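Notes for the one structure printed next.
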Amino acid sequence: MSHLSALRERVSSEVKEGEPLAKHTTFKIGGAAEYFFEAKNADDAVRAVRVAGELGIPLFLFGGGSNMLVSDRGVTGLVIKMANRGFVIEGNVITAEAGAPTGLVSMRASEAGLTGFEWAVGVPGTVGGAIRGNAGAYGGEMKDSVISVRAYKDGQVVTLRNADCGFGYRDSAFKRNAGWFVLSATLELKLAADAEASKAQLRKNLLDRKEKQPVEFSTAGCMFTNWRPERPEQLAGMRKWFDLDKDEKVPLTSQGTIPAGWIIDRAQLKGTKVGHVQVSEKHGNFFVSDGQAKADDVVALTAVLKTRIRNMTDGNVQLQEEVEYVGF
Ligand SMILES: Cc1cc2nc3c(=O)[nH]c(=O)nc-3n(C[C@H](O)[C@H](O)[C@H](O)COP(=O)(O)OP(=O)(O)OC[C@H]3O[C@@H](n4cnc5c(N)ncnc54)[C@H](O)[C@@H]3O)c2cc1C
């Protein structure tokens, strides 16, 4: 029996062949999935993961496709899209399926009189993807709200507490363990003392994103993680490398990192172009596609930025991709 027939028989008759992944990513880049399945509930996802394992087929699972770059050659094996989009708000607790849209959960939470998740409005993608990358903005992070995660972990469905998830800056145990997947999560927020203030915060964050990010283009958000200086002289080095005015401060995030967008801006690399992809003029850490970009353009532009910045900073600043490379 072919793999396709086996998947259709044992997972679902809806398993597709040759599905273009460009239409499932915010970058709108990438080749086709050999086999593709949209899991509408956690049981379907678990079954698909198990069957792929039993058949010895490579597996890739994703959510909103807003933090990944799919190779032009596509992805071999079974690609599962988490399309379990439900979530329930009870008191100050939210139970969200992995495929629930993060930004929508943020809006509904605020409307329900809760606070603490306003930072997530405008973050594309799903709760599962946000937990896996410990997404964050405006001083908030996923890990601040997660109570527990129902997960597929090395063959078993288990409940992990926040402390078991190994959260770090844009990091979690799900990122470090290929066989761990988020199925659903329980989030705890606070009851807002002033519900109007929470709604105003949402509007402010959305406006700020519109002003600072090229939201009108195809993009995968921040290409690079913010850079963490290891030694005090590296902070001082910033002034020399980028020839800063004496009044200009080097920005430090609350995590002690320097925003990659600021580094790219000061390195005067905004607007740099390879093929059909360009460093946004609006935000140095966003690459934007004109709609015809290839993944190879993105890879080449990434290499240009990393090399130029490393050379400019005497080998000190080595940017690392935040965006996940898939099928390379
Ligand atoms: C315009 C724009 C703005 C953005 N702003 C922010 C921001 O402010 N802060 C921020 O942190 N990010 C931001 N991002 C990046 C991205 O939206 C987030 O990282 C988001 O949380 C990714 O979720 P996703 O479902 O789209 O993940 P995907 O892109 O679908 O997947 C990313 C990775 O997560 C894995 N994954 C997805 N779902 C699961 C799951 N259920 N279980 C295990 N692994 C899974 C995938 O295998 C893949 O490796 C932005 C992106 C864009 C395009």
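Where a number appears in this text, it was derived from the coordinates with a stated rule and is not lab data. The structure displayed is predicted, hence computed values, not measured ones. Here the Cβ positions follow ideal geometry from the backbone for every residue, glycine too, while neighbour counts run over all protein chains shown.
Roughly how tilted is helix 232-241, in degrees to the nearest 10 and between 0 and 90, from the longest Cα axis of the chain? For helix 232-241, the angle is close to 70 degrees. Reported to the nearest whole Å, the Cα centre-to-centre distance from the stretch 95-167 to the stretch 181-225 is 12. Relative to the dominant Cα principal axis of the chain, helix 295-312 is inclined by about 30°. Across all directions, the average flat footprint of the convex hull enclosing the Cα atoms of the chain is 17.4 nm². Listed cross-link partners Lys16/Lys81; Lys40/Lys81; Lys16/Lys153 are compared with a 19 Å cut-off, the Cα-Cα value being larger for Lys16/Lys153. Computed over neighbours whose Cβ is under 11 Å from that of Thr225, the net charge equals -1, Lys and Arg +1, Asp and Glu -1.
Taking the square roots of 5 times each eigenvalue of the Cα gyration tensor of the stretch 87-210, largest first, gives ellipsoid semi-axes of 25, 15, 11 Å. With Cα atoms as the point set, the stretch 215-326 shows a radius of gyration and Dmax of 14.0, 43 Å. Within the set Lys143/Lys306; Lys210/Lys270; Lys210/Lys273; Lys204/Lys306, which residue pairs have Cα atoms separated by over 24 Å? Cα-Cα > 24 Å for Lys143/Lys306; Lys204/Lys306; rest within.
Cross-link partners of Lys190 among aspartates and glutamates, defined as those whose alpha carbon lies under 19 angstrom from its own and excluding same-chain residues fewer than eight positions apart: Glu90, Glu111, Glu118, Glu141, Asp144. Straight-line cross-link partners of Lys282 among the aspartates and glutamates, defined as a Cα under 16 Å from its Cα and at least 8 positions apart when in the same chain: Asp208, Glu211, Glu216, Asp265, Asp290.
Considering only beta bridges that DSSP places wholly inside the chain, some 75 percent are antiparallel. Over the chain, DSSP H runs of length four or greater, each weighted -39,500 (n - 2.57), average out per residue to a 222 nm ellipticity of -8500 deg cm²/dmol. Compared with the dominant principal axis of the Cα atoms in the chain, helix 102-111 is inclined by about 90°. In the chain, the sites counted are GluC sites (Glu not before Pro) in DSSP loop states with at most 16 other Cβ atoms within 10 Å, and the longest stretch holding none of them, exclusive of the sites, is 15-215.
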